[in-house]
1. Between Arg10 and Arg32, with labels modelled 7 Å along Cα→Cβ, what's the label distance in nm to one decimal, could you check?
2. Angle between the Cα long axis of helix 59-68 and the longest principal axis of the chain, 0 to 90 degrees, nearest 10?
3. So I have (1) 23, 17, 9; (2) 19, 14, 11; (3) 38, 13, 9, and one of them is semi-axes √(5λ) of the Cα gyration tensor in Å calculated from this model. Which one is it?
4. With the dipole of the chain worked out from charges on the C-beta (+1 for Lys and Arg, -1 for Asp and Glu) around the Cα centre, which of Ala30, Ala19, Asn69 lies farthest toward the positive end?
5. If one takes the longest principal axis of the Cα atoms in the chain, at what angle in degrees, from 0 to 90 and to the nearest 10, does the Cα axis of helix 2-12 lie?
6. Mind checking the chain for trypsin sites (Lys or Arg not before Pro) that DSSP puts in a loop (not H, G, I, E or B) and that have at most 15 other Cβ atoms within 10 Å?
7. Label Ser54 and Glu25 with points 7 Å out from Cα along Cα→Cβ: what is the distance between them in nm?
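Nothing in this text is a laboratory measurement; each read-out follows from the coordinates by a stated rule. Quick caveat: nothing in here was measured; it's all calculated off a predicted structure. Virtual Cβ from ideal backbone geometry, glycine too; neighbours counted across all protein chains shown.
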Amino acid sequence: MAPAFAQVARELEPRFRLAKVNTEEQQGLATRFGIRSIPTVAIFRNGREIARQSGAMDAGSLKRWIQANS
């Protein structure tokens, strides 16, 4: 999913900011946000989670999901 994520990040910038977190290195964040499967994508607005999706998505699906949930 990494290439799709990078593509969508470029396409949606600056309206949306996409960031990746390595949950093996940042286990505290994984615990804090209840991430149980990889990949997990979450949308935050004003510091609050507003949507979450687990599982890989292609670029088109990821872009549509972000736009539909923001």
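1. So the two model labels end up 3.1 nm from each other.
2. Between helix and principal axis, roughly 90 degrees.
3. Derived directly from the coordinates: (2).
4. Going by the Cα projections, it comes out as Asn69.
5. Roughly 60 degrees, rounded to the nearest 10.
6. Of the trypsin sites (Lys or Arg not before Pro), the ones in loops of the chain whose Cβ has at most 15 other Cβ atoms within 10 Å are Arg15, Arg17, Lys20, Arg36.
7. Calculated label separation equals 2.4 nm.
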